[in-house]
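Scroll down for the structure; my scribbles are underneath it.
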């Protein structure tokens with residue numbers, strides 16, 4: 001699972017409603033794999049407004065991945081920034097481990113790179 | 001069809017025995033997407049979601065339809081074998097898109113972040129008319145058993161669709177005649193989404209259609 005996909009995941013347990021705690025989900029005991037791809041800058045620039053930047057910064061820091069603290073004023077023309085963004089959201093994959101909600105402590109498993117967001121009936 | 005159908009030959013492996021294999025309904029959805037290729041490319045989607053991706057044939061094909069442009073194509077399914085099959089199918093299918101798979105029901109767990117941000121939403125629901133008890137009775141049945149009028153699963157999604165789509169976003173869904181397509185179109189109209197039947201085909205006893213709904217631009 002790419003960090004880009006992780007940026008879209010939020011705890012959806014019933015009664016877990018503290019927005020400061022249910023997102024982003026915190027990685028726990030994860031295995032990380034870097035896979036190189038050709039960067040697609042045009043796509044990155046379109047995606048950027050749909051990324052929750054502060055969640056991405058928090059997650060990258062948790063994983064000890066270097067990330068610019070703030071977005072540059074003109075990201076589209078900042079090659080350096082786009083390359084870093086590409087490395088973080090596109091090339092960094094979580095293969096095993098879990099994601100924990102800081103609000104309700106629910107643990108979502110990641111198996112062979114796929115997150116399990118399914119909840120039991122009583123949790124929905 | 002000019003675009004090649006994604007290779008799903010790996011579905012013959014035992015680990016994928018519970019995954020719905022591409023059939024006429026799948027191919028009709030591929031044809032509808034290909035017919036709309038120029039419009040879809042002009043829309044330049046950034047985030048696309050397929051619910052219940054099964055083999056991953058449709059997700060992979062959407063990547064092809066959008067090429068040479070790239071999008072994030074997220075595919076959900078409740079069946080882990082389908083998640084894996086989808087990953088294998090999209091990996092075999094060349095495109096410029098970025099794919100992600102998630103084990104979940106509908107869009108649970110991604111709906112909050114993606115609200116108003118989904119440019120293309122695809123769903124080939126379990127549409128076969130069955131007794132209610134058959135819906136979700138087994139992992140295989142979950143792929144086709146639709147309960148009363150074949151609508152029990154689709155009806156859970158319909159009210160969520162308008163909020164999920166981005167302005168100008170599109171929703172494509174596979175239906176059969178017993179699902180009462182005209183009633184579905186009227187239901188969406190009440191929710192503010194215009195829709196129409198864009199393609200129909202008869203396959204054995206099934207009279208299949210693709211409905212397409214569009215959210216107005218701002």
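Every number in this text was worked out from the coordinates using simple rules, so none of it is lab data. This one's a predicted model, so the numbers in the text were calculated from it and none came from an experiment. Backbone-built Cβ (ideal geometry, glycine too); neighbour counts: all protein chains shown.
A few notes on this one:
- Hull volume in cubic angstrom per residue (convex hull over the Cα atoms of the protein assembly as shown): 140 Å³
- Span from the the range B:92-129 Cα centroid across to the the range B:141-191 one, whole angstrom: 15 Å
- 0 to 90° range, to nearest 10: angle between helix A:53-62 axis and chain A longest Cα axis: 80 degrees
- Virtual paramagnetic centre 7 Å along Cα→Cβ of residue A:76, amide N under 17 Å, in the range A:33-54: A:40-51
- Rough spin-label spacing in nm, given labels placed 7 Å along Cα→Cβ, for residue B:190 and residue A:20: 4.1 nm
- For chain B, a Gaussian network of Cα nodes joined below 10 Å ranks B:197, B:103, B:113 by mean-square fluctuation, and the top entry is B:113.
- Considering only the range B:9-214, percent of DSSP beta bridges that pair antiparallel, nearest 5: 45 percent
- Most fluctuating residue given options B:163, B:82, B:143, as computed from a GNM of chain B linking Cα atoms under 10 Å: B:163
- In a fully extended conformation the segment linking residue B:39 and residue B:136 would gain 31.4 nm over its present Cα-Cα distance, using 0.36 nm per residue.
- Cβ-Cβ distance of residue B:218 and residue B:14, R₀ of 51 Å, FRET efficiency by 1/(1 + (r/R0)^6): the value works out to about 0.55.
- Percent of beta bridges antiparallel (DSSP, the protein assembly as shown, rounded to nearest 5): 55 percent
- The range A:61-79 residues near the modelled residue A:32 label - backbone nitrogen below 12 Å, point 7 Å along Cα→Cβ: A:61-67
- Candidates B:116, B:56, B:146, ranked by Gaussian network fluctuation over chain B, Cα under 10 Å, top entry: B:116
- Whole-angstrom gap from the range B:1-53 to the range A:86-100, using each part's C-alpha centre: 26 Å
- Extension gain, residue B:21 to residue B:92: 0.36 nm times the residue separation minus the Cα-Cα distance gives 23.9 nm.
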